[in-house]
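Student: Sharing a structure, written as structure tokens. Questions coming.
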Amino acid sequence: MSNGTYQVSATVGEAVVETFTTGTIILTQGFQQSNSNSTSVEELEVIANYKLFPNPTLGNATLELETTNTDADVSIVLYNAVGKLIYSKTIFLLKNVKATINLDLTNHSSGVYYVNVLDSKHQLAKGFQLVKK
């Protein structure tokens, strides 16, 4: 090994920067992105049109869904205010065809409920609050 100056640089994407020094050796590790390139991914919106009515409800509510220009599997889940699952159903939506789902809360107490429509990857497509009087 000859005497001289050496510099090794690498990017791993760590968010913490630390420097260690021993004698003549300095090691710095952490965030380094001098030549950063970004790419973006456009999310495909599955639900084109939607309605939840009546809201507030006395017991039964209707959820109407229409997809964009594609067929899609969607899951409808209904939770109460403390996160307990009340209703869950997966349906297949044909493009440009309106689906109607009845949400029956007649046997549940008054309060706020959360309706989530999930796409086939179980990612939230639409979320609603539903109030039962």
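Computed from the coordinates by the stated procedures, all read-outs in this text should not be read as laboratory data. Computed from a predicted structure; not experimentally measured. Note: ideal-geometry Cβ built from the backbone for every residue, glycine included; neighbour counts use all protein chains shown.
Student: Which residue pairs have Cβ atoms under 9 Å apart, sit 6 or more places apart or on different chains, and have a first residue in the range 100-123 that is on the phi > 0 side of the Ramachandran plot and a second that is assigned to a strand (DSSP E or B) and of a type in the set (A, V, I, L, M, F, W, C)?
Tutor: Partner pairs satisfying both residue conditions: Gly111/Val131.
Student: Do any strands (runs of 3 or more DSSP E) entirely within the range 70-117 hold 1 or more residues that are loosely packed, with under 13 Cβ neighbours inside 10 Å and in contact with an Asp or Glu (Cβ under 9 Å, 6 or more places away or on another chain), and if so, which?
Tutor: Filter on the range 70-117 gives 85-93, 99-104.
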